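As structure tokens, the structure follows; a few thoughts come after it.
The values are calculated or read from the model by the stated rules, or taken from the named source; none is laboratory data. Bear in mind the structure is a predicted one, so any value in this text is a computation, not a measurement. A quick note on method: Cβ atoms are made from the backbone with ideal geometry, for glycine too, and the neighbour counts reach across all protein chains shown. Quick note on the areas: whole protein, heavy atoms, side chains included, nothing else; ligands and nucleic acids left out. Shrake-Rupley method; radii C 1.70, N 1.55, O 1.52, S 1.80 Å.
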Amino acid sequence: MRVRNLFLLIVLLPFAIACRKQSDAFVLHGTVDAADSIPILVTGLDSRYDRIDTIRPENGSFTYVCETDTVTPLLILYSDGRRDIVFAAPQLEATYERSLTDSMATVSGGIYNEEYREFVASLSEGNYIDCIDTLVRRDPSSEVVPYLLYEYSMSPDASDKRILDIIELMSGQMLDNIFVSNLKRDASEVSRFNGILTTMNLRDTLMQKVRITDICKTGHMLVCVWASWDEASRKAHRELAGLAEEYKKKDFHLAGISLDANADRWMEAVKEDSLDWSQYCDQGGWGGRLVQQTTFDELPFYIVLAPSGRIISRNTDLTAVKTRLDEVLKDKKK
């Protein structure tokens, strides 16, 4: 009898483990406008979910499943720059609803998704940062607050002092969160390059996170901000190829930063246009930090940076940019 029981245990154990693993999963049932059934990217706000997945709705619906052993903020990204937040958790099923006319998605399920909805409703009663202050005082362990600070930090009038004040109110558990600790470090740096935050995070073509300060260390740099869907940007790449060849022996570096939220489309465009200079992606679209901190509304957009990261020139006219570059590099040679 014992042998038989042992045999049954061995046979059933894998099934029991599989069932338990499945029950620990987070499940998101989504509904979007049928006309909006385009690939949607899912990525994490921090290292708890440091990868990018693609959701492909069918007839306006999708089901997304992921494994997580703790509360995990997930960013839902659209190619036109729209962005939503969903708080995933083990053994949680949530619903996500969004139409083309919605300013944000409606997410139901889980205490933090509900807390976020309540926060948005509270904005009619006060300004953004004051509402965050109220929330963190009520719930020092709230997983919603780091995301709210992330959104606030992208505002042109964001105050590093207010960010640090909010962080001081968080519980010890939240202070151990790597995203919060990085935010605290970044806010403490206080240095901003004439409108561009030194803490801006990008993705390279290997989808690794890169800080904008890390690409501003190789002499003067011309940054071309573009997008795969913008025809003017794609045409400009041919001119940039000639400019890169002309300046290749000078103290000069060329880089591209795309606004694409769809990583596959971005990298496909990099390949199609044979872009052999450094390429990065903001993935925030028109709502991302790069646009908000440099306030432009036309592509391609060019930014000339000094080795320190200071902005020397901002323009949509490549001829004017080239003239400024000639002046800068000539003065440096002297």
The local net charge around Lys209, scoring Lys/Arg +1 and Asp/Glu -1 for residues other than Lys209 whose Cβ lies under 11 Å from its Cβ, equals -2
So for Met174, Met104, what's the accessible-area order with a 1.4 Å probe, most first? Met104, Met174
Counting other Cβ atoms within 10 Å, keep those with at most 13, restrict to DSSP loop, and tell me which trypsin sites (Lys or Arg not before Pro) in the stretch 30-108 are left. Arg51
Place a point 7 Å from the Cα of Met104 in the direction of its beta carbon; the residues of the stretch 130-145 whose amide N falls under 14 Å from it are 130-133, 135, 144-145
Pair Asp276, Arg117: separation of 7 Å Cα→Cβ label points (nm): 5.4 nm
Over the stretch 229-298, what is the relative contact order in percent, taking alpha-carbon pairs closer than 8 angstrom and at least six residues apart? 30 percent
Express in nm, to one decimal, how much length is gained between Thr95 and Glu239 on full extension, taking 0.36 nm for each residue of separation and deducting their alpha carbon distance. 47.2 nm
Low-density loop trypsin sites (Lys or Arg not before Pro), the stretch 224-326, at most 11 other Cβ within 10 Å, DSSP non-H/G/I/E/B, are Lys248, Lys249
